[in-house]
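The numbers here are math on the coordinates, done by the rules we state, and not lab data. This one's a predicted model, so the numbers in the text were calculated from it and none came from an experiment. Methodologically, a virtual Cβ is constructed for each residue, glycine included, from the backbone with ideal geometry; neighbour enumeration extends over all protein chains shown.
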Amino acid sequence: MFEKILVANRGEIALRVIRAAREMGIQTVAVHSTADSDAMHVRMADESVCIGPPPGIDSYLSIPSIIAACEITGAQAIHPGYGFLSENANFVQIVEDHDLTFIGPTAKHIQVMGDKITAKDTMKELGVPCVPGSEGGVPDLESARALCEDIGYPVIVKATAGGGGRGMKVAETAADIDTAFRTARSEAKAAFGNDEVYIEKYLTTPRHIEIQVFGDGKGKAVHLGERDCSLQRRHQKVFEEAPGPCISAEERAKIGKVCADAVAKIDYAGAGTIEFLYEKGEFYFIEMNTRLQVEHPVTEAIFGVDLVREQIRVAAGLPMSFSQENLDINGHAIEVRINAEKLPEFAPRPGRISQFHAPGGLGVRMDSALYDGYSIPPYYDSLIAKLIVHGPDRASALARLDRALGELIVDGVETTVPLFHALLQEEDILSGDYNIHWLEHWLETNLRDG
Ligand code: MV4
């Protein structure tokens with residue numbers, strides 16, 4: 001096992017990794033920008049290294065600084081958290097070239113899944129159900145027009161270098177395809193330096209269901225059920241739950257096995273998420289994320305596992321500590337993402353936290369790097385806390401969420417907490433009857449004027 005690992009991230013996810021490492025008897029190195037000298041992850045780690053000025057590009061994304069921090073401290077492995085360098089295949093290669101271990105999948109797997117066309121080709125080949133659409137890239141407008149007549153409108157044009165909602169254009173009818181295709185191409189070129197696009201049937205009212213998978217890198221893999229992450233705004237998730245309110249045990253076992261078998265077949269190592277659109281009882285693959293996700297705690301809650309511990313074990317060459325037979329779901333979990341943002345426009349509101357009190361009690365987990373007097377810097381993501389509740393069933397998890405939100409105190413900055421109080425008054429949320437458009441529609445009709 002590693003003696004010392006470096007955490008190449010900040011905020012709550014850095015704490016999450018430091019905590020897992022400490023429980024395993026592993027020393028931790030925090031890295032930080034000059035804006036984060038007083039951040040909790042620096043305080044909580046065994047040692048810390050300043051790696052650059054505030055902007056992420058000069059610090060948490062600075063590969064030479066992070067490699068140098070490993071060399072200075074003798075850290076043997078790097079946990080990337082999520083965001084920043086977590087899905088950067090070039091970084092993984094450099095880490096390996098320096099005889100360090102990347103706690104995550106191989107550069108090759110990251111690269112394959114990072115290109116959305118090769119990801120889809122790979123998954124299709126592995127027997128994962130995909131959205132009907134083009135075979136690979138669509139080279140020109142003529143092919144696009146012909147193909148869309150076959151698929152049937154509406155269609156969606158997506159950038160292969162995109163993902164997470166970036167670089168997509170919907171064409172409702174044949175009259176829209178020229179503009180959708182040209183705009184998708186030129187935006188993809190400008191944003192990613194790669195104008196390759198593919199086309200899919202546009203599903204109008206799906207849910208976003210994602211399957212958590214975990215592989216040992218040696219042909220063994222499991223699934224840990226699904227999360228429903230349909231409640232999102234501008235491709236930012238705000239509320240996630242597991243299990244999905246609309247997914248039966250039979251559906252879970254079936255799609256779960258397809259996903260576990262697929263990642264086993266490619267010798268995938270570590271945590272991964274296979275994203276689907278789910279409509280009328282069918283799953284359609286869209287993308288695979290090759291990292292630990294923000295919302296992983298809801299899966300940890302219902303399966304009673306520590307996914308970060310497992311990531312570290314597998315990276316160190318140890319076998320997985322669970323197998324599919326001993327993975328059982330216990331109850332229901334919900335996560336809400338608390339952002340330092342002003343409603344209704346979700347405008348970032350960094351600033352000083354004058355008072356912070358985390359909720360607690362049975363079935364409540366608060367992942368946050370906040371403390372009394374902490375100043376949220378303006379340079380990074382506005383996520384300041386994840387509140388995760390777990391109960392024997394969905395109704396008790398919802399009641400626990402309401403109770404925990406009532407205990408929470410975050411004074412000094414505006415947050416998205418009022419949104420969650422309001423959502424808990426909504427019949428559709430209480431019944432689980434929502435899709436990927438529900439929240440944006442609700443915000444439009446309810447929060448327009450605060
Ligand atoms: C789609 C779709 C409908 N049909 N693909 C958005 C994020 C990216 N991961 C894929 N996305 C979508 N792909 C087809 N064929 C609708 C979306 C989509 C969406 C998906 C998941 C969660 C929220 C979403 C919000 C708008 C659009």
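Mind jotting down the three principal axis lengths of the stretch 49-101 based on Cα atoms? Whole angstrom, largest first.
28, 24, 16
State whether the stretch 30-118 is rounded, prolate or oblate according to the following rule on the C-alpha gyration tensor (a ≥ b ≥ c being the square roots of its eigenvalues): a/c under 1.5 gives rounded; otherwise a/b larger than b/c gives prolate, and the remaining case gives oblate.
Verdict is prolate for the stretch 30-118.
First obtain the Kirkwood hydrodynamic radius of the stretch 239-284 from its Cα pairs, then insert it into the Stokes-Einstein equation at 25 °C and 0.890 mPa s, and state the resulting D in µm² per second as a whole number.
On the way: Rh = 11.9 Å.
Answer, rounded: 205 µm²/s.
Given the chain, what percent of its DSSP beta bridges are antiparallel, to the nearest 5?
Details: 62 of 77 bridges.
For the chain, the DSSP antiparallel bridge percentage is about 80.
Below 8 Å between Cα atoms, with a sequence gap of 6+, how large is the relative contact order for the chain in percent?
Working: 973 pairs, mean separation 62.2, N = 450.
Normalised by residue count, the contact order of the chain is 14 percent.
Ranked from highest to lowest mean number of other Cβ atoms within 10 Å per residue, what is the order of the peptides 33-43, 76-86? Walk me through the numbers on the way to the answer.
On the way: 33-43: 18.7, 76-86: 23.2.
So the peptides 33-43, 76-86, ranked by packing, come out 76-86, 33-43.
Please report how far the C-alpha centroid of the stretch 177-252 lies from that of the stretch 302-319, rounded to the nearest whole angstrom.
Result: 24 Å between the Cα centres.
Pull up all non-local amide H partners of Thr101: gap of 5 or more, or a different chain, and H-to-H distance under 5 Å with H placed in the peptide plane.
Correct list: Ala77, Ile78.
Let me spell out the model: positive unit charges on the Cβ of Lys and Arg, negative unit charges on the Cβ of Asp and Glu, origin at the Cα centre of the stretch 97-207. What dipole size does that give, in debye rounded to 20? Mind showing how you got there, number by number?
Details: 13 positive and 17 negative charges, 73 e Å.
Once rounded to the nearest 20, the dipole reads 360 debye.
Of Arg227, Arg400, Arg166, which has the largest mean-square fluctuation in a 10 Å C-alpha GNM of the chain?
Arg166
Would you mind checking which residues have amide H under 5 Å from Gln27's amide H? H placed 1.01 Å from N; only 5 or more apart, or other chain.
Those qualifying (amide H under 5 Å, at least 5 residues apart or on another chain) are Lys4, Ile5.
The stretch 109-191: D in µm²/s via Stokes-Einstein (Kirkwood Rh, Cα pairs, 4 °C, 1.567 mPa s)? Before the final figure, lay out each step's value.
Details: Rh = 13.2 Å.
The estimated diffusion coefficient comes to 98 µm²/s.
How large is ³J(HN,Hα) for each residue in the stretch 118-127, as worked out from phi by the Karplus curve 6.51 cos²θ - 1.76 cosθ + 1.60 (θ = phi - 60°), to whole Hz, x for Gly and Pro?
5, 4, 5, 4, 4, 5, 4, 4, 8, x
Looking only at His208, His437, His332, which one moves most when the chain is put into a Gaussian network model with springs between Cα atoms under 10 Å?
Maximum among the listed residues: His437.
I need Met288, Met44 ordered by Cβ neighbour count within 10 Å, fewest first.
Met44, Met288
Show the residues, 5+ positions off or on another chain, whose built amide H is closer than 5 Å to the amide H of Val213.
The answer is Leu224, Gly272, Thr273, Ile274.
In the stretch 20-174, what percentage of the DSSP-assigned beta bridges are antiparallel, given to the nearest 5?
Details: 5 of 12 bridges.
Just about 40 percent of them are antiparallel.
For the stretch 338-431, state which chymotrypsin sites (Phe, Trp or Tyr not before Pro) are in a DSSP loop and have at most 12 other beta carbons lying within 10 Å of their beta carbon. Write out the running numbers ahead of the final one.
Working: sites: Phe346, Phe356, Tyr371, Tyr374, Tyr379, Tyr380, Phe420; in loops: Phe346, Tyr371, Tyr374, Tyr379, Tyr380.
For chymotrypsin sites (Phe, Trp or Tyr not before Pro) across the stretch 338-431 that sit outside H, G, I, E and B with at most 12 neighbouring Cβ atoms in 10 Å, the list is empty.
Relative contact order for the stretch 304-450 using alpha-carbon pairs under 8 Å, separation at least 6, rounded to a whole percent?
Values: 208 pairs, mean separation 41.5, N = 147.
That works out to 28 percent.
From the C-alpha coordinates alone, can you work out the Kirkwood hydrodynamic radius of the stretch 364-444, in Å? Before the final figure, lay out the partial values.
Working: mean 1/r = 0.0689 Å⁻¹.
Computed over the stretch 364-444, the radius equals 14.5 Å.
With the radius of gyration and the Kirkwood radius both derived from the Cα set of the stretch 266-420, what is their ratio Rg to Rh?
Working: Rg = 17.8 Å, Rh = 17.7 Å.
Radius of gyration relative to Kirkwood radius: 1.01.
Send over the per residue convex hull volume for the chain, Cα only, as a whole number of Å³. Before the final figure, lay out the partial values.
Details: hull volume 63.0 nm³, N = 450.
Cα-based convex hull of the chain, divided per residue, equals 140 Å³.
Which ³J(HN,Hα) values in Hz, rounded to whole numbers, follow from the phi angles of the stretch 373-383 under the Karplus curve 6.51 cos²θ - 1.76 cosθ + 1.60, where θ = phi - 60° and Gly and Pro get x?
x, 5, 9, 6, x, x, 8, 10, 3, 8, 5
For the stretch 152-230, compute Rh as the Kirkwood radius over C-alpha pairs and then the Stokes-Einstein diffusion coefficient at 10 °C and 1.306 mPa s; write the answer in µm²/s, rounded to an integer.
Numbers: Rh = 14.5 Å.
Translational D for this selection: 110 µm²/s.
GNM, the chain, Cα, under 10 Å: largest mean-square fluctuation among Glu142, Glu407, Glu196?
Fluctuation is largest for Glu142.
Explain nothing, just the number: dipole magnitude of the stretch 295-450 about its Cα centre with +1 on each Lys and Arg Cβ and -1 on each Asp and Glu Cβ, in debye rounded to the nearest 20. Let's see the in-between values first.
Numbers: 12 positive and 24 negative charges, 105 e Å.
Magnitude of the dipole: close to 500 debye.
Report, in listed order, any pair from Lys158/Lys342; Lys201/Lys280; Lys116/Lys342 with a Cα-Cα distance greater than 24 Å. Could you put the intermediate results ahead of the total?
Details: Lys158/Lys342 31 Å; Lys201/Lys280 15 Å; Lys116/Lys342 34 Å.
The pairs that break the limit, which is 24 Å between Cα atoms, are Lys158/Lys342; Lys116/Lys342.
About the Cα centre of the stretch 400-450, what is the dipole size in debye to 20, counting +1 per Lys and Arg Cβ and -1 per Asp and Glu Cβ, all else neutral? Spell out each step's value before the answer.
Numbers: 3 positive and 11 negative charges, 32 e Å.
Approximately 160 debye in magnitude.
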